[in-house]
Amino acid sequence: MSVLKSRPGALGLREIFGLMPDHAESVVRYYEAVMRGPSPLSPGERELIYSYCSALAGCHYAHTSHKACAIALGVDRRIFDVILDDFEAAPVPKRLKPVLRFARKLTLAPAVIEPADAAPIFAAGWPEQAVIDTIVVTSLTAWINRILNGFCASAPDAVHVKAGRNLAKRGYIPVALEVRRQIADARAKTARASGRKKKLSASR
């Protein structure tokens, strides 16, 4: 159930985007840049960071959909069976582990991040851009986790899995275009309702 009195039923991400019509499309296009744009981190690795940090933050909605996306992009599904309970035992590529450790600390203890936390990433052979992108992906994840949890967003896991697979196949731009159409339809509906109300008032 939603936290909003005006929308007491279940809210999904599309409905939430409808509550922020002035910038929702721009947010999704930013996702495309962050999650699919040029980076030393592959799209699958970025989706793994996103899903892992969402799980750490207790956001089932984002974790489930982006887990499905990461797996569809080639990430070993066994990672997700182990990583929360035993990080070291998870079959994460050795070079990627310091990236995930940094993302984990930034998620759970952001106030105590220090330069030494990034050193293992450089030692593993990553360029500086990988550190930058890890910070941006982790921070974007924290934002959407709070949006989804704040609104008490919910949907069946099957919906999350389908959405994640679609993201893997098509990226975020189709979502941005869908959000644009959704907002345009809502505005048109509001305008029609306002017009009918004005005509009714004028006829009295």
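Nearest 0.05, what FRET efficiency do Arg14 and Ile135 give at R0 = 25 Å with Cβ-Cβ as r? Walk me through the intermediate numbers first.
On the way: r = 28 Å, r/R0 = 1.11.
Using R0 = 25 Å, I get an efficiency of 0.35.
Counting other Cβ atoms within 10 Å, which trypsin sites (Lys or Arg not before Pro) in the stretch 136-173 have at most 11 and lie in a DSSP loop?
Listed in order of number, the matching sites amount to none.
As an exercise, use a Förster radius of 35 Å and the Cβ-Cβ distance of Ala186 and Val3 to find the FRET efficiency, rounded to the nearest 0.05.
The formula returns an efficiency of 0.95 here.
Between Asp85 and Arg146, what FRET efficiency comes out of the Förster formula 1/(1 + (r/R0)^6) with R0 = 22 Å and r the beta carbon distance, rounded to 0.05? Working shown, then result.
On the way: r = 25 Å, r/R0 = 1.12.
Calculated transfer efficiency: 0.35.
Can you give the helix-only mean residue ellipticity at 222 nm for the chain, where every DSSP H stretch with n ≥ 4 adds -39500 (n - 2.57) and the sum goes over all residues, rounded to the nearest 500 deg cm²/dmol?
Rounded to the nearest 500, it is -22000 deg cm²/dmol.
Could you work out how far apart the two model spin labels at Arg101 and Glu128 are, taking each label as a point 7 Å from the Cα in the direction of the beta carbon, and quote it in nm?
So the label points at Arg101 and Glu128 sit 2.2 nm apart.
Which order do Thr134, Thr190, Thr107 fall in if you start with the one that has the fewest other Cβ atoms within 10 Å?
With the fewest neighbours first, Thr134, Thr190, Thr107 line up as Thr190, Thr107, Thr134.
Which of Ile49, Ile113, Ile147 has the fewest other C-beta atoms within 10 Å, and how do the rest follow up to the most?
Ile113, Ile147, Ile49
I need His160, His23 ordered by Cβ neighbour count within 10 Å, fewest first.
His23, His160
With a ≥ b ≥ c the root eigenvalues of the C-alpha gyration tensor of the stretch 22-173, is it rounded (a/c under 1.5), prolate (a/b larger than b/c) or oblate?
Taking the square roots of the gyration eigenvalues as a ≥ b ≥ c, the stretch 22-173 is rounded.
Relative to the Cα centre, what is the charge dipole magnitude of the chain, using +1 at the beta carbon of each Lys and Arg, -1 at the beta carbon of each Asp and Glu, and rounding to the nearest 20 debye?
For this selection, approximately 1560 debye.
In the chain, if the dipole is taken from +1 on Lys/Arg beta carbons and -1 on Asp/Glu beta carbons about the Cα centre, which of Val34, Ala72, Ser6 is farthest to the positive end?
The residue sitting most towards the positive pole is Ser6.
All of the numbers you see were taken from the coordinates with simple rules; none came from a lab. For clarity, every value in this text was computed on a predicted model and none was experimentally measured. As a convention, Cβ positions derive from the backbone with ideal geometry for all residues, glycine included, and neighbour counts pool all protein chains shown.
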